[in-house]
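The values are calculated or read from the model by the stated rules, or taken from the named source; none is laboratory data. Keep in mind that what you see is a predicted model, and the values were worked out from it rather than measured. Virtual Cβ from ideal backbone geometry, glycine too; neighbours counted across all protein chains shown.
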Amino acid sequence: MTRSRAQLRTARTWRDYDRANFWVSVALFGVFALWMLWSQTHPEEDAPPALADGPVQMRKAPATAAVAGLDLRVVGLKLVLTGSVPDDEARRALRAAGEAAFGAGQVDDRLNLDPQADPMAWRDHLPDMLRTLRTTGGDAAMRIDGKQVTLTGEVPVDSVRSARELVVQNWFGRSTKVDNQLRVAAAASAPVASASASVPSLSDIVVGAGPAAAPAAMPAAAPASLPGAAAAAPNPACAPLAAGVAVRFHPNAPALTDEGRRTLRELMPCLTEGRWTVGVHTDSNGDPASNQALTQGRAEAVVAYLVGRKLPAERLSPQGFGSSRPVSGNDTPEDRLKNRRVTFERQP
């Protein structure tokens, strides 16, 4: 059957309409796809007022933002402070403790202020921390980052390394991990030996000025020579403290002997109240730097042992004085023995 001209025109019109409709649909789909792509790559910057207390706060301080830690590092003769502190008060405390340990003008302050930084609940220990850092050799540094403290540098013997970790752990609390990367000096024994050349078999460390090795020849120091001794006098167990008690260490090392640990256990009732500076002193034989390192290690070993026996760490401050505070000359073995001592000074 042959179509009429009118039917043919109608058929062509519908074909043209279908083709136009197809291309319009394609164009609309393309526009929609482009809009979706643009909306994904250009999020709205201004949140509605109703959401001001929610998502806007998260955008200002995202949960993934890392708060810079605190780095205490010895460079030459200076203390370099980098990282973040929460406020000016913390910054001033760091600078003051640094200048007390390293000297005026020896603190390089590169700190930033950040209210979200660690609140430094441990700041009361800053004087002890920086004194300890000053006596560490090598690339001495302490990195405090959230719940982890990293120690680097060089110490004379392994017992100092272990004691320092325990002391730092007590400064920051058990919830903080101490990453002890301290190295033991390979040739530490040579210089330290010269510092203790006069010691026959064990280093006799005396509490107070009086010697323990020969009490008859050298009278014990008077109780007044020990700050805090009067407060401890009512306790009979503290009587040897005023007379001078030998706390023995292994030769040329900060490690306590069994006898030294037993002596400290006897002294513990005298130390249950107040805050104490545990100071270790030596004679002037040997290199001053080696003497300083040895006495600091011994002071830390004493504190570590007492803390392990449940005395609060915040009440004990280890400090090595080397040969800087003699109580006698250094010409005879007896005089040198007087200078090799441990003092427990009660803090106000």
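Assorted remarks:
- When D46 is tested against (1) at pLDDT 70 or above; (2) outside any strand (DSSP E or B); (3) out of contact with any helix residue (DSSP H, G or I) (no Cβ under 7 Å at 6 or more places or on another chain), just one condition goes unmet, and that condition is (1).
- Within region 119-143, the set of residues being closer than 16 Å to R73 by Cα and either part of a helix (DSSP H, G or I) or touching a Phe, Trp or Tyr at 6+ places or on another chain (Cβ under 8 Å) (or both) comprises L126, P127, D128, M129, L130, R131, T132, L133, R134.
- L256 meets the conditions (1) under 23 Å from D158 (Cα atoms); (2) loosely packed, with under 15 Cβ neighbours inside 10 Å in every case but one. The failed one is (2).
- Out of E154, E99, E165, one residue alone is part of a strand (DSSP E or B), surrounded by fewer than 19 Cβ atoms within 10 Å (Cβ to Cβ) and without any contact (Cβ under 8 Å) to a residue 40 or more places away in the chain. It is E154.
- Residue selected from region 329-348 under the condition at pLDDT below 85 and polar (S, T, N, Q), by the criterion farthest from the chain's Cα centre (by Cα): N339
- Test set (1) surrounded by fewer than 19 Cβ atoms within 10 Å (Cβ to Cβ); (2) aliphatic (A, V, I, L, M); (3) within 23 Å of T176 (Cα to Cα) - L126 fails condition number: (1)
- Summed over region 109-124, residues that are touching a strand residue (DSSP E or B) at 6+ places or on another chain (Cβ under 6 Å) and small (G, A, S) total 1.
- D335 vs. criteria out of contact with any Asp or Glu (no Cβ under 6 Å at 6 or more places or on another chain), of a type in the set (D, E, K, R) and in a loop (DSSP other than H, G, I, E, B): no
- Residue under evaluation P348, criteria (1) under 19 Å from E266 (Cβ atoms); (2) of a type outside the set (D, E); (3) surrounded by fewer than 24 Cβ atoms within 10 Å (Cβ to Cβ), criterion not met: (1)
- Of all the criteria given as (1) touching a residue at least 40 places away in the same chain (Cβ under 8 Å); (2) within 23 Å of P333 (Cα to Cα), the one not satisfied by E300 is (2).
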